[in-house]
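For reference, the structure is listed below as structure tokens.
The values are calculated or read from the model by the stated rules, or taken from the named source; none is laboratory data. No experiment lies behind these values; they were computed from the predicted model shown. Quick reminder, even Gly has a Cβ in these numbers, built from the backbone with ideal geometry, and neighbours come from all protein chains shown. Accessible surface is based on the protein model in full, side chains and every heavy atom, while ligands, DNA and RNA are left aside. Shrake-Rupley method; radii C 1.70, N 1.55, O 1.52, S 1.80 Å.
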Amino acid sequence: MHVVSDVHGNARDLARAGEGADALICLGDLVLFLDYADHSRGIFPDLFGVENADRIVALRTARRFQEARELGARLWAGVGEDRASVIEKAVRKQYAEMFAAFPTPTYATYGNVDMPPLWQEYAGPGTTVLDGERVEIGGWVFGFVGGGLRTPMRTPYEISDEEYAAKIEAVGEVDVLCTHIPPEVPELVYDTVARRFERGSRALLDAIRRTRPRYSLFGHVHQPLVRRMRIGATECVNVGHFAGTGTPWALEW
């Protein structure tokens, strides 16, 4: 089983991610809105240019979120078309490319920058989309919970702690717990390059301790302080920033 997360527009490597594996798991964030490593890539610089991308990244990195929102509002005010329509058009273009690159079979859940209502339009018969659901693969039970928790970044698929906890509860006891965000552990949620703590889930951490899955797999934090650690009987693994590495993480049993 090959596992990827945070694809962020890397369709070229995604097309090869399933080679040598019986199946591919994708833990979300297919969309590339703004590449923090290369400010020339993504929907934002395509619309507003690299200079404005540089400015908004600097503000967000400094945690000056209100100023970043004000800059974004000024830029969007200069766009002739409706903001939602412009973004959806750009996302649809990326989704057409991403979903076409998925091998068969693929099991996928949403990231916090994804737009779930569009996925069913692009997911072919070889791609199973799961969120708060379970599936058996090779004799093991895999549970999937997508999305992220609410933050000042206001990304498209952020939900309340209560809604997220309900999905974790619905999954129940599994062999492998697949989520986009990590459990709420400081070493797993701290991004060493962005120099900030991302949001992890306390409900996920509690479920790991209570149900003791073999693995907890996740992404979301691109440059974590720690990529893997054990919580009781569970091996917790950040499967990596696929947009940057182009290499899937392999799970064998």
Determine if region 83-90 includes at least one residue that is among the basic types (K, R) and either touching a Phe, Trp or Tyr at 6+ places or on another chain (Cβ under 6 Å) or open to solvent by less than 30 Å² (accessible area, probe 1.4 Å) (or both). yes
Of all residues in region 104-149 being within 14 Å of the chain's Cα centre (by Cα) and farther than 15 Å from D29 by Cβ, which is surrounded by the most Cβ atoms within 10 Å (Cβ to Cβ)? Y107
It is to be established whether one or more residues within region 153-173 are closer than 22 Å to P116 by Cβ, hydroxyl-bearing (S, T, Y) and modelled with pLDDT under 95. yes
When you scan region 68-75, do you find a residue that is within 21 Å of the chain's Cα centre (by Cα) and without any contact (Cβ under 8 Å) to a residue 40 or more places away in the chain, even just one? no
Among the residues that make up region 146-155, is at least one of them in a strand (DSSP E or B) and not charged (D, E, K, R)? yes
Positions within region 156-182 being buried (at least 24 other Cβ atoms within 10 Å of the Cβ), of a type outside the set (A, V, I, L, M, F, W, C) and not in a loop (DSSP other than H, G, I, E, B), in sequence order: Y164, T179
Please verify whether V57 is open to solvent by less than 30 Å² (accessible area, probe 1.4 Å), in contact with a His (Cβ under 7 Å, 6 or more places away or on another chain) and under 18 Å from G9 (Cβ atoms), treating the condition exactly as stated. yes
From R83, R60, grab the single residue that is of a type outside the set (F, W, Y) and within 21 Å of the chain's Cα centre (by Cα). R60
Only one of these is at pLDDT below 95 and of a type outside the set (D, E, K, R): A250, A207, A194. Name it. A194
Mind listing whichever residues of region 63-76 are at pLDDT 90 or above and either surrounded by fewer than 13 Cβ atoms within 10 Å (Cβ to Cβ) or not in a helix (DSSP H, G or I) (or both)? R64, Q66, E70, A73, R74
Assess whether V221 counts as being out of contact with any Gly (no Cβ under 7 Å at 6 or more places or on another chain), open to solvent by less than 30 Å² (accessible area, probe 1.4 Å) and not small (G, A, S). yes
